[in-house]
Structures are given as C-alpha cells and as structure tokens.
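Reading through the structure tokens given below for one structure.
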Amino acid sequence: MDLAFKNAIYFLIVGGIAWVLSFFMFSSWMISATRQSIKFRTSYFNCILSQDIAWHDTNNPATMSSKISNDAIQIQNGIGEKFGTLIMFVSMFINGIGVGFIYGWKMSLVMLAGLPFLGIGAFIMIWSVTEGQLKVNEVNLEGGGLAEENITNIKTIKSLIAENFIHNRYYDVVIKAQVVIKKYGLFVGFGLGCTFFFMFLDYALAFYYGAKLVGELEYNDNTGENYKVGDVLTIFFAVLIGGFALGQATPALKSITQARVSMNNYLQVAA
C-alpha cells in the first residue's frame, strides 16, 4: 500500500510538471504564430501592391483579400501549436520505442515490423491532403472572387434582375468544390483506414509473440532473466504509446503541409 501511494505521488508530480510545461509550450507557439501571421499579412499585401500592371491582368483582384486571409490562417496554424504538437508527439514516439528496446529488443522489433505499412497509409493520406488542398484553394478563390465582385455590384445586379443567374454561377463553383473534396476525401479515408488496420494488426502480433516469449521461458538479454509478464506489458504499452503518438502527429503534419502550400503561394507572389 505504501509503495502504491508513493508511485501515485510520483505520477501526480509528473502530471503537474507536464501541465505547466504544456501551458508554456502551447502559449509560446500560439503567441509567436500570431505575431508572425500579422507580419505575413502585411508583407503579402505589400508584395501584391508592388506587382506591375501585367500581373494584375492575369490575377483576379477580387480574390486577393480571400487569398491573403486563407493563406495567413493556414500558415498560422502550421507554425503555431500544431508545430509544437508535432514535436511533442515525435518525442513521445522516440522515447516510447526507446523504452521498449531497453526492456526487450526482440518484442520491440516485432512490433516495429508494422511501421513500414503504417508509413504507406500515412503517405497516401498526406499526398491526398496536399493535392486536395491545392485544388480546393483554387475553387475557393474562384468562389470568393465571384462573391466579392457581385456583392460590390449588387445594385447593378438588382437593376438587371440577375439574381438567379449569379446564384447559379456561385452554385456551380460550390458544387465543383464539393466534387474535389469528395474525391480526395476518399483517398484520405483510405490512407487513414490503412494506418489503423495495420496498427491493430501489429498489436495483435505483439500480444501473440509476447505470450509466446513468456510461455516458452525465452531468455531476455536486456534484463538477464527470462521474459516476464511485466516485461511484455511494459514493452507493449511503451511501443503502443509511441505508435499512438505517431498516429496523433498526423493531423499536425496535415496542418504543416497545408501551411507549406500557402507559403508557396506567397513565395510565388514575392519572387
């Protein structure tokens, strides 16, 4: 009972430290990202103003405000708490795998055998997010420009009784965005489904192999004793937490990928 109480105190202390450090980490990343986003919007606007007449002839001025706003939000998300979250989950993955190898390298290697398959699913998902974001941004800019242009000229539209015509044009743009989202959403779902399928398949293999090590009294080179149930559970949960951390890093990686796409838009204007 005393040992359990002592361990509970340790967990309470670790939890308190994690709370304080998480507060400072997320607040720092968010404050930094907000400040950089303000600088980015100003720089983006100045770059557009400095373009020559020919550039404005090939780019719809009505879409510029929407483009600056959308790209700034994506970049702020990518360099803000999402980036800190990615670092945190990658660290959890590395440390979880490290603890697993410390307690038993054989079972850790078996669990790591599924990582290449997890990587395939993650690659499909990241590719789908990147390509889909590019296509959706193009359609959203078209729709935003159309809406801004017609709202500015709403009196002319009213006088010509052209509300239905403008509505149908905007509806076609919305449908186009819906088709793009559905198309790439299927690929994203397929990639995520593959990731979780191979993840649970890996866990099933780990339980089977762990039971085999304990049942056959396999010698553990790390501890100098035979594999025990405690060793198997420690390895399993260490690698399990590391694997879950890698999976939880995917949404953060998605935001960073979207931020890279938006930054590329800015660099094309600033070049």
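The values are calculated or read from the model by the stated rules, or taken from the named source; none is laboratory data. Since we're looking at a predicted model, the values are computed, not measured. Cβ placement follows ideal geometry from the backbone for every residue including glycine, while neighbour counts extend to all protein chains displayed.
Let's see how each residue does on (1) surrounded by fewer than 16 Cβ atoms within 10 Å (Cβ to Cβ); (2) under 30 Å from I48 (Cβ atoms); (3) in contact with a Leu (Cβ under 9 Å, 6 or more places away or on another chain); (4) modelled with pLDDT under 80:
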| position | (1), (2), (3), (4) |
| --- | --- |
| G189 | yes, no, no, no |
| L205 | yes, no, no, no |
| Y209 | no, no, no, no |
| T234 | no, no, no, no |
| F237 | yes, no, no, no |
| L240 | no, no, no, yes |
| L246 | no, no, yes, yes |
| K254 | no, yes, no, yes |
**Asked** Do you know which residues across segment 104-117 are surrounded by 21 or more Cβ atoms within 10 Å (Cβ to Cβ) and assigned to a helix (DSSP H, G or I)?
**Response** M107, S108, M111
**Message:** Can you confirm whether S66 is hydroxyl-bearing (S, T, Y), part of a helix (DSSP H, G or I) and surrounded by 18 or more Cβ atoms within 10 Å (Cβ to Cβ)?
**Reply:** yes
**Fill in**
The lone condition I157 fails out of (1) touching an Asp or Glu at 6+ places or on another chain (Cβ under 9 Å); (2) closer than 15 Å to K106 by Cα; (3) not basic (K, R) is (2)
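Given the options I124, I75, name the one that is assigned to a helix (DSSP H, G or I) and either modelled with pLDDT of 85 or more or touching a strand residue (DSSP E or B) at 6+ places or on another chain (Cβ under 9 Å) (or both).
So the residue among I124, I75 that is assigned to a helix (DSSP H, G or I) and either modelled with pLDDT of 85 or more or touching a strand residue (DSSP E or B) at 6+ places or on another chain (Cβ under 9 Å) (or both) is I75.
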**Request:** Being of a type in the set (G, A, S) and at pLDDT below 90 is the filter; apply it to segment 16-26 and report the residue that is nearest to N77 (Cα to Cα).
**Result:** S22
**Item:** Residue among A54, A33 that alone is without any contact (Cβ under 8 Å) to a residue 24 or more places away in the chain, in a helix (DSSP H, G or I), among the small types (G, A, S) and within 28 Å of K135 (Cα to Cα)
**Value:** A54
**Request:** Can you run down the residue pairs with Cβ atoms below 8 Å, 6 or more apart or on separate chains, where the first is in segment 8-29 and under 13 Å from K82 (Cα atoms) and the partner is part of a helix (DSSP H, G or I) and of a type in the set (G, A, S)?
**Result:** M25/G84; F26/G84; S28/G84; W29/G84
**Request:** Among the candidates D202, D172, single out the residue that is charged (D, E, K, R), in a helix (DSSP H, G or I) and in contact (Cβ under 8 Å) with a residue 40 or more places away in the chain.
**Result:** D202
**Message:** Just checking, does segment 208-229 include any residue being touching a residue at least 24 places away in the same chain (Cβ under 8 Å), out of contact with any Phe, Trp or Tyr (no Cβ under 9 Å at 6 or more places or on another chain) and within 26 Å of K82 (Cα to Cα)?
**Reply:** no
**Complete:** Scanning segment 257-271 for residues that are closer than 15 Å to V129 by Cα and either crowded, with 21+ Cβ neighbours inside 10 Å or small (G, A, S) (or both), the one modelled with the lowest pLDDT turns out to be Q258
